[in-house]
Amino acid sequence: MKDFHLKFEGYWRDRNKGGLPNYSGIYIVYRSVYNAQTDKVSLIEIIYIGKADNIHDRHLDHEKYEVFLSQLQYGEELCYSCAPLDKDVEVVENALIFAQKPVLNEKGKTEFNYDRIHVKMDGACACMKYTDFFVRPNFRNTII
């Protein structure tokens, strides 16, 4: 069984996504509300989880950007967080999608077709249902 520890970094508002890092890893897209008076962002929900060879470049012209925007209510904006990961990125992405089931992810919500893994997350990963979990295949694809 493989263990993965993800350290999610920062929260980038959509207007600041040019500051996203240039590394390979996992990213989370949120619905959020920004309060200019307190300079704070309130995260509402995770709408998408993805992977990228270069997270910064991936979000310069994401093909699902308009779909992300379509999920927003009045006064909301997109927000992003990310974690570096350079191997088994597809496995970890599938595990996070399987555990979280974000509204805009189509693949990976109902099946996990890899060997049993353990995922632990910390840092900027608010709204995750699970932050320390095991996923195993072939046993009704369970999260433990």
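The values are calculated or read from the model by the stated rules, or taken from the named source; none is laboratory data. Note that the coordinates shown come from a computational prediction; the quantities given were computed from them, not determined experimentally. With ideal geometry, Cβ positions are generated from the backbone for all residues, glycine too; neighbour counts draw on all protein chains shown. Accessible surface is based on the protein model in full, side chains and every heavy atom, while ligands, DNA and RNA are left aside. Shrake-Rupley method; radii C 1.70, N 1.55, O 1.52, S 1.80 Å.
Structure notes:
- Leading residue by the ranking (farthest from Met128 (Cα to Cα)) among those in region 60-85 that are modelled with pLDDT of 95 or more and part of a helix (DSSP H, G or I): Glu66
- The condition of being under 21 Å from Asn54 (Cβ atoms) and surrounded by 20 or more Cβ atoms within 10 Å (Cβ to Cβ) holds for only one of Ala95, Ala124, Ala83, that being Ala83.
- Condition check for Asp115: modelled with pLDDT under 95, over 17 Å from the mean Cα position of the chain (by Cα) and under 23 Å from Gly10 (Cβ atoms): no
- Some residue of region 99-108 being outside any loop (DSSP other than H, G, I, E, B) and either in contact (Cβ under 8 Å) with a residue 12 or more places away in the chain or open to solvent by 50 Å² or more (accessible area, probe 1.4 Å) (or both): yes
- Filtered residue count, region 10-28, keeping only those that are in contact (Cβ under 8 Å) with a residue 60 or more places away in the chain, within 28 Å of Arg136 (Cβ to Cβ) and not aliphatic (A, V, I, L, M): 2
- Looking only at region 59-69, and only at residues there that are without any contact (Cβ under 8 Å) to a residue 12 or more places away in the chain and open to solvent by 20 Å² or more (accessible area, probe 1.4 Å), the one that is farthest from Phe98 (Cα to Cα): Asp61
- Annotation: of all residues in region 109-121 being in contact with a helix residue (DSSP H, G or I) (Cβ under 7 Å, 6 or more places away or on another chain) and not in a loop (DSSP other than H, G, I, E, B), the one that is surrounded by the fewest Cβ atoms within 10 Å (Cβ to Cβ) is Ile117.
- Beta carbons closer than 8 Å, at least 6 apart along the sequence or on distinct chains, pair a first residue in region 29-51 that is of a type in the set (Asp, Glu) with a second that is part of a strand (DSSP E or B) for Glu45/Tyr30; Glu45/Arg31.
- In region 1-58, residue farthest from Phe134 (Cα to Cα) [restricted to those that are among the small types (Gly, Ala, Ser) and either open to solvent by 20 Å² or more (accessible area, probe 1.4 Å) or at pLDDT below 95 (or both)]: Ala36
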